[in-house]
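Participant: Below are the structure tokens for one structure; questions will follow.
Read-outs: derived from the displayed coordinates by stated rules, not from any lab. Because the structure is a prediction, the values reported are computed rather than measured. Neighbour counts run over all protein chains shown; Cβ positions are idealised from the backbone, glycine included.
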Amino acid sequence: MHVSVGFNHYHIIYTFFLIIIILYDKIEKQLTIRIVFLSNFSPSYSRLQVFFANIVLINETRGELNEKLERWRHNLEFRGFRLSRSKTEYLKCGFSGREGEGGEVTMGGVIVPRVEKFKYLGSIVEEKGDIAKDISHRIRVGWQKWKKASGVLCDKRIYLKLKGTVYRMIVQPTLLYGAECWPIKKTQVQRLMVAEMRMIRWMYGYNRLDRIRNVVIRERVGVAPLKDKLRETRLRWFGHVKRRSVGALVRRCEAIHLLDCRRGRGRPKMSWNMIIRSDMKSLGLTEDMAQDRNL
């Protein structure tokens, strides 16, 4: 078992394993457990990650999960902590399309309820690996952050360029949180662009009836198109990944192959690798360029 400390979104898309998330409340000394079950994961990647206050336990099967969960429960309660049964939930992520083994996830004889999604480190993890709910959550949180800063963003006495700077520093990072790993579709990009353009027009003080083009408003405010910002974020993260050693976990995930899986009928889902290849092709880049930080 391997222990690491850090912050990582990459596992949301590419790792196929069982996750237990335990959130520690220092005041009430309660532990809230959230579980993600992902079938068909190679056991050689089982490990323990520590994300500040979040403990992630990874297993391949429900049986192993129940055993490890009981060990954690016994050891924590023996030291005076208490696991919250009412806040515990689990999520089975069948990215491979296979049902896998049956049964229930239990903790202390209590069945843990199964959910279709839950929030982990600010991102919405869904059962089928989609990001539609995460996109909606980002737009909603972005508007909340925009409303908190509206006293500055909507003040007509403040220069437009300064408003643009405030927007890029406060609102845009919230809107694009976790975007470096999104296998995003064109329709979802359009949703984000529409939400951002509404914010920028409100800052500028004009609406669509004024018949001012979006390009003109963006130039005056000093905010680049969201589509370009998404591409920049993805390629920056791609460079970080490629510069890691081959033995690093984030690189080992690239070598996972599910030999027993059968792809369903219809067009395959857009993957992160496919989007990265499209980005590099549109900009005339190659993977070897990721090793050069000056580019």
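Participant: Output needed for the range 131-295: three equivalent-ellipsoid semi-axes, defined as square roots of 5 times the C-alpha gyration tensor eigenvalues, in descending order, whole Å.
Facilitator: Details: eigenvalues 239, 69, 44 Å².
In descending order, the three semi-axes are 35, 19, 15 Å.
Participant: Can you give the net charge of the other residues whose Cβ lies under 15 Å from the Cβ of residue 137, counting K and R as +1 and D and E as -1? Kindly include the intermediate steps, with their values, before the conclusion.
Facilitator: On the way: positive: 117, 119, 133, 138, 140, 145, 191; negative: 116, 126, 130, 134.
That sum, taken over residues with Cβ under 15 Å, equals +3.
Participant: Near residue 109, within a Cβ-to-Cβ distance under 13 Å, what is the net charge of the other residues, with Lys and Arg +1 and Asp and Glu -1? Write down the numbers at each step before the final one.
Facilitator: Numbers: positive: 73, 85; negative: 70, 104.
Local charge sum for residue 109: 0.
Participant: A further question on this structure: What whole-number distance in Å separates the alpha-carbon centres of the range 262-295 and the range 230-259?
Facilitator: Taking the Cα centre of each part, the range 262-295 and the range 230-259 sit 11 Å apart.
Participant: Could you name the lysines whose alpha carbon sits less than 24 Å from that of residue 186, not counting residues in the same chain fewer than 8 places away?
Facilitator: 117, 119, 128, 133, 227, 229, 269, 281
Participant: For the pair residue 121/residue 161, report the inter-label distance in nm, with labels modelled 7 Å from Cα in the Cβ direction.
Facilitator: My value for the distance between the label points is 3.8 nm.
Participant: Under a point spin-label approximation (7 Å from Cα along Cα-to-Cβ), what is the residue 282-residue 254 distance to one decimal in nm?
Facilitator: If labels sit at residue 282 and residue 254, their model points lie 2.2 nm apart.
Participant: Moving on to the next point. Roughly what % of Cα-Cα distances in the range 86-210 sit above 24 Å, to the whole percent? List each step's numbers first, then the result.
Facilitator: On the way: 3519 of 7750 pairs.
Beyond 24 Å sits 45 percent of the P(r) for the range 86-210.
Participant: Would you mind calculating the relative contact order of the range 131-295 from Cα pairs under 8 angstrom and at least 6 residues apart, reporting the percent as a whole number?
Facilitator: Numbers: 111 pairs, mean separation 42.5, N = 165.
Value for the range 131-295: 26 percent.
Participant: Hey, another quick one. Where does the charge balance sit around residue 222 when Lys and Arg score +1, Asp and Glu -1, over other residues with C-beta under 10 Å from its C-beta?
Facilitator: Values: positive: 161, 163, 168, 218, 220; negative: 219.
Local net charge: +4.
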